[in-house]
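Undergrad: Have a look at the structure that comes next, please.
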Amino acid sequence: MFKRVPGTRDILPEEIAYWQKLEAVARKVFSLYNYKEIRTPVIEESALFSRSLGEFAEIVKKQMFLIKNKEDSYVLRPEGTASIVRAYLEGNLDKSGRFSKFYYIGPMFRLERPQKGRQRQFHHIGAEAIGSSSPWIDAEIIMVADAILKADQITGYSLNINTLGCPKDKLALVDMLREELKGKLGGLCQECKERFKHNIIRILDCKKQECRKVVKGLSIQDKHLCGDCRQHFNQVKRSLDAEGLSYEVNRQLVRGLDYYTRTVFEFKHDSLGAQDALGAGGRYDNLVKDLGGPQVGSVGFAFGVERLLLVSDLKKHGPQREVVFIIVLGDRAKDAGARLLSGLRAAGIAADTDYQEKSLKGAMRLADDLGSDLVLILGDNELEKNVVIFKDMRRGKQEQINLEEVVDKVKEKIET
Ligand code: AMP
């Protein structure tokens, strides 16, 4: 028998109701904030990601699912931002000088070592606001993300924020880190020794114990930030304060991708263990220009759907709409049963029947498995009398109703 590819999951029908609910909740929040859905292909040119995330970003170095043929090098998208900026430019949305707010929901792919909370195919719910450098839109993006968590009935999460500063400030940070870390390399993990050469900022948020110890001893605070970037960050904080959002400024929060500038943030949930990030995001003021567009500021975030589902209370609330189950007994009743089924569906009532031709007892068990409380039984006898037996399991009642009145009666029952 074939097995799933490691690090992927099947979402079976019994679980899908929660996914749909979570997605519906997110769509509702996005529409309140006037974000429009965008869908981009899952395959992109691999250079799109090396150019935007940076050649030395872990995702690019180790985690890209490459698809190569003679001429092309494609990749299964590892994240949404670069694709959306590409689509924004390719669709000429920049030409109108319009400020655009997008949201997206879909699968992402990273060639990781599968473990709890880390899959090779996982799903993002995310948003991007392209075309503004205003700190108020940073605050809005964080507020949208927070509103989604609240609407998903998630509690017990925390928000960390930081600013990396503009590209000049980031360079100053790199210099300061080089200076401070050069005598402390021995205390870092192997990966961070490598990061020291090409991706030094990332050392700040390495999760390994030994690196955390080294980083704690660094004197880096916000010395690398210029006046404009300080002001920008102060306004973001003021806006969040005004909304009553609680957050912690964490100077070690850096995010691993080249494109981030200024504000970065992360939502965490302790109950998730080692992979505790529910979602994260930040500002990327140069990405649109780096991909061939105008110099416009942008900010975005993405949540991991699998992780949201792990902590959401939506799961506890019973799934699904009522499905009326029709049991047809005897050959002559079959056509009338099929007509009844169509009639119910045409009236907007979800209905199903037993296609395995089980006995009455077996069919009743099927209805029970399906969670159907309303069962209609139509046998040759009933057909002769032009009636159907209607069992209402919720009330433990059974009655005979006229075939012509079934749809109206069932509708009445469902509504009460
Ligand atoms: P990132 O683009 O890495 O910041 O991812 C944003 C969010 O997606 C994270 O906070 C996680 O919730 C989720 N995520 C990232 N990578 C994975 C993965 N390999 N498996 C499951 N969820 C992931």
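Undergrad: Just read off the accessible area of ASP373 with the full protein assembly in place, 1.4 Å probe, to the nearest 10 Å².
TA: So the heavy atoms of ASP373 present about 50 Å² to solvent.
Undergrad: Of the candidates LYS397, LYS28, LYS289, which one comes out as most mobile in a Gaussian network treatment of the chain with C-alpha springs shorter than 10 Å?
TA: Result for the chain, Cα springs under 10 Å: LYS397 fluctuates most.
Undergrad: Given a cut-off of under 8 Å on Cα pairs at least six residues apart, what relative contact order in percent is computed for region 321-415?
TA: RCO, region 321-415: 30 percent.
Undergrad: Mind putting a number on the dipole of region 321-415 about its Cα centre? Charges go on the C-beta only, +1 for Lys and Arg and -1 for Asp and Glu, and I need it in Debye to the nearest 20.
TA: About 180 debye.
Undergrad: Could you order LYS116, LYS237 by accessible surface area, starting with the largest, using a probe radius of 1.4 Å?
TA: Descending accessible area places them as LYS116, LYS237.
Undergrad: Now for a different question. Per residue and in cubic angstrom, what volume does the convex hull of the Cα atoms of region 321-415 have?
TA: Given the Cα convex hull of region 321-415, per-residue volume reads 89 Å³.
Undergrad: Continuing with this model, one more query. Which residue, VAL288, VAL328, VAL144, tops the fluctuation ranking in a GNM of the chain built on C-alpha contacts under 10 Å?
TA: VAL328
Undergrad: I'd like to know which of TYR355, ALA145, GLY279 lies farthest towards the positive end of the charge dipole of the chain, counting +1 on Cβ of Lys and Arg and -1 on Cβ of Asp and Glu.
TA: Checking the options against the dipole of the chain, the answer is GLY279.
Undergrad: Helix-derived [θ] at 222 nm for the chain: sum -39500 (n - 2.57) over DSSP H runs of at least 4, divide by residue count, nearest 500?
TA: -11500 deg cm²/dmol
Undergrad: Considering only protein heavy atoms, what is the solvent-accessible area of LYS361 at a probe of 1.4 Å, reported in Å² to the nearest 10?
TA: Taking all protein chains as shown, LYS361 has close to 150 Å².
Undergrad: Another question about this same structure. For the chain, give the magnitude of the charge dipole about the Cα centre (Cβ charges: +1 Lys/Arg, -1 Asp/Glu; no others), in debye to the nearest 20.
TA: Using Cβ point charges on Lys, Arg, Asp and Glu, the chain gives about 1600 debye.
Undergrad: Per residue, how much accessible area does region 118-184 show when a 1.4 Å probe rolls over the protein heavy atoms, in square angstrom?
TA: Per-residue value: 37 Å².
Undergrad: For region 164-210, with all protein chains present and a 1.4 Å probe, just round the carbon and sulfur fraction of the accessible area to a whole percent.
TA: 57
Undergrad: Right, next: As an exercise, take the mean of 1/r over every pair of distinct alpha carbons in the chain, invert it, and state the Kirkwood radius in angstroms.
TA: The Cα-based Kirkwood calculation yields 24.9 Å.
Undergrad: Then there is this: Keeping all protein chains in place, calculate the accessible area per residue for region 321-415 (probe 1.4 angstrom), answer in Å².
TA: Dividing the accessible area of region 321-415 by its residue count gives 58 Å².
Undergrad: Give me the accessible area of ARG51, 1.4 Å probe, in Å² rounded to the nearest 10.
TA: 150
Undergrad: Roughly to the nearest percent, how much of the accessible area of region 1-114 is carbon and sulfur, given a 1.4 Å probe?
TA: Ligands and nucleic acids excluded, carbon and sulfur reach 54 percent.
Undergrad: Rolling a 1.4 angstrom probe over the protein heavy atoms, how many square angstrom per residue are accessible across region 1-100?
TA: In whole numbers, region 1-100 has 63 Å² accessible per residue.
Undergrad: For region 321-415, with all protein chains present and a 1.4 Å probe, just round the carbon and sulfur fraction of the accessible area to a whole percent.
TA: 45
Undergrad: Then there is this: Going toward the positive end of the dipole of region 358-416, with +1 on Lys and Arg Cβ and -1 on Asp and Glu Cβ, which of SER372, VAL410, PHE390 do you reach last?
TA: Most positive-ward Cα: SER372.
Undergrad: Relative to the longest principal axis of the C-alpha atoms of the chain, give the angle of the C-alpha long axis of helix 13-32, reported between 0 and 90° and rounded to the nearest 10°.
TA: Once rounded, the angle reads 60 degrees.
The values are calculated or read from the model by the stated rules, or taken from the named source; none is laboratory data. Source: prediction; values computed, not measured. Methodologically, a virtual Cβ is constructed for each residue, glycine included, from the backbone with ideal geometry; neighbour enumeration extends over all protein chains shown. SASA here: full protein model, heavy atoms, side chains in, ligands and nucleic acids out. Shrake-Rupley method; radii C 1.70, N 1.55, O 1.52, S 1.80 Å.
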